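The values are calculated or read from the model by the stated rules, or taken from the named source; none is laboratory data. Quick caveat: nothing in here was measured; it's all calculated off a predicted structure. Neighbour counts are summed over all protein chains in view; Cβ atoms, including those assigned to glycine, are modelled from backbone coordinates with ideal geometry.
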Amino acid sequence: MAKTRYAVALGSNRRGRHGAPADTIRAAARAIESRSLSRIRLTPALGPAGRSFANAVAIVESELDPAELLAILKATERSFGRRSGRRWGPRILDLDIILWSEGPFESTGLVVPHRAFRERRFVLQPLAEIAPAWRDPITGRTARQLLALHGKARG
């Protein structure tokens, strides 16, 4: 397979061996060999996670298909100290595939584009910062348009 691009969301709200959550995000971006990384933003936690999260989006180029990349991302989470726990709980590192340059993809346990990314400002803001023209293959809207719509829906 030729190299394709992925938008990967990164999140952390616990200290780990790389330091504070923002340091963990930077170290994870290096570990997954991201081509570019958005600014890191502090955002309130959803659900029972407690502390605020450091969030960013990275662009990754890879010859892997989405399922293969997901396996690498999950191994990276574990290498950073992530352990299985309750859903929406605190975590050292969370890596999610948001978009793939080849369009939609679905297999066991993986749906791309990520099902909830359109409703998550903490994903849309950094995505629009580094890839404003990237189109959601389902709605046809750009990251910038999705962010603008998210703002209208809330305000």
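Values as computed for the structure displayed
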quantity: Matching residues in segment 16-33 - criterion: being closer than 15 Å to N55 by Cα and touching a residue at least 24 places away in the same chain (Cβ under 8 Å); calculated: A20, P21, A22, T24, I25, A27, A28, A29
quantity: Filtered residues of segment 88-99 (kept if among the charged types (D, E, K, R), closer than 18 Å to R51 by Cα and not in a loop (DSSP other than H, G, I, E, B)); calculated: D94
quantity: Subset of segment 100-118 that is among the hydrophobic types (A, V, I, L, M, F, W, C) and not in a loop (DSSP other than H, G, I, E, B) - its residue that is farthest from R141 (Cα to Cα); calculated: L110
quantity: Answer residue from segment 55-81, given it is at pLDDT 95 or above and within 17 Å of R15 (Cα to Cα) and is surrounded by the fewest Cβ atoms within 10 Å (Cβ to Cβ) among those; calculated: T76
quantity: Number of positions in segment 10-38 that are out of contact with any strand residue (DSSP E or B) (no Cβ under 7 Å at 6 or more places or on another chain) and not in a helix (DSSP H, G or I); calculated: 7
